[in-house]
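Derivation of every value follows stated rules applied to the coordinates shown; laboratory data play no part. Remember, it's a predicted structure, so these values are computed and weren't measured experimentally. FYI the Cβ positions are ideal-geometry reconstructions off the backbone, even for glycines, and counts take in every protein chain you see.
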Amino acid sequence: MRQAADHPPLIDWGVAARPLEGQAVSGDLHLVKPLDHGVLLAVVDGVGHGGEAVAAARAAVAILEQFAGDSIISLVNRCHQALTKTRGVVMTVAALSELEQTVTWLGVGNVEGRLLRSDSRAAPSSESVLLRSGLVGYQLPALHASVIPLTPGDLLIFATDGIRAAFADGMNASDAPRQVAARILSQHFKGTDDALVLVARYLGLPHE
């Protein structure tokens, strides 16, 4: 369920994923978790590929879902503590606040996060999550979350390192999120690793 029936959805979203050729499963996973006054978004990439990568990613997603109401920094710390006996993961986590109309996000490793503004006059027209080097479950950097205001129509894109870095260049951000995710995967899949793209459009408050 994306949102309770009596609560208009805060976002519209879509995801597209593909395992490395020859692999039956992907170690790249996502989470979209509606909260009382917001949504938690996460993309998790288990180190390597195959069963051990999947196990690490699933463990991280389970922690994020269980404690979704915690702060972003607390969530990453919880994952780090829980994953010490796994391969570890890289991840980007974002919390959208309905009341404050913001996204609070941080990344450890190389899961890209981009915010594309719906207003063509906005400056800057796009922003990226600050990625800090490290590995959740093995070596955690100092964690600092960024808070960015949102306006209705803004598009958030998260992509693992199986997607080429230029995935947002020249794209049509007005399409439905599921179409954007599918197109990015189709056009920018490297073919050398698992890949996942999560796209979410911020819809804003019901009265907007």
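Suppose we take every Cα in the stretch 58-123 and form the convex hull; what volume per residue is that in Å³?
Dividing the Cα hull volume of the stretch 58-123 by its residue count gives 107 Å³.
Given Cβ point charges of +1 (Lys, Arg) and -1 (Asp, Glu) and nothing else, what value in debye, to the nearest 20, does the dipole of the chain about its Cα centre take?
In debye, rounded to 20, the chain gives about 360.
When a/c reaches 1.5 or more, the comparison of a/b and b/c decides; with that in mind, is the stretch 116-208 rounded, prolate or oblate per its Cα gyration tensor?
The shape class here is oblate.
Could you give the spread of the C-alpha atoms of the stretch 2-65 along their three principal axes, from largest to smallest, in whole angstroms?
Computed over the stretch 2-65, the largest-to-smallest principal extents equal 43, 22, 13 Å.
Would you mind computing, in nm to one decimal, how far apart the modelled labels at Ser174 and Thr151 are, each placed 7 Å from Cα along Cα→Cβ?
According to this spin-label approximation, the distance is 1.6 nm.
Quick one: what are the phi-derived ³J(HN,Hα) couplings along the stretch 107-120, Karplus 6.51/-1.76/1.60 with θ = phi - 60°, whole Hz, x for glycine and proline?
Whole-Hz 3J(HN,Hα) from phi for the stretch 107-120: x, 10, x, 10, 8, 5, x, 10, 10, 10, 6, 6, 8, 5.
Please compute, for the alpha-carbon atoms of the chain, the extent along each of the three principal axes and give them in descending order in Å.
47, 36, 33
Can you compute the modelled spin-label distance between Ser128 and Ser71, with each label point 7 Å from Cα toward Cβ, in nm?
2.7 nm
With the cut-off at 1.5 for a/c, could you classify the stretch 161-208 from its C-alpha gyration tensor as rounded, prolate or oblate?
prolate
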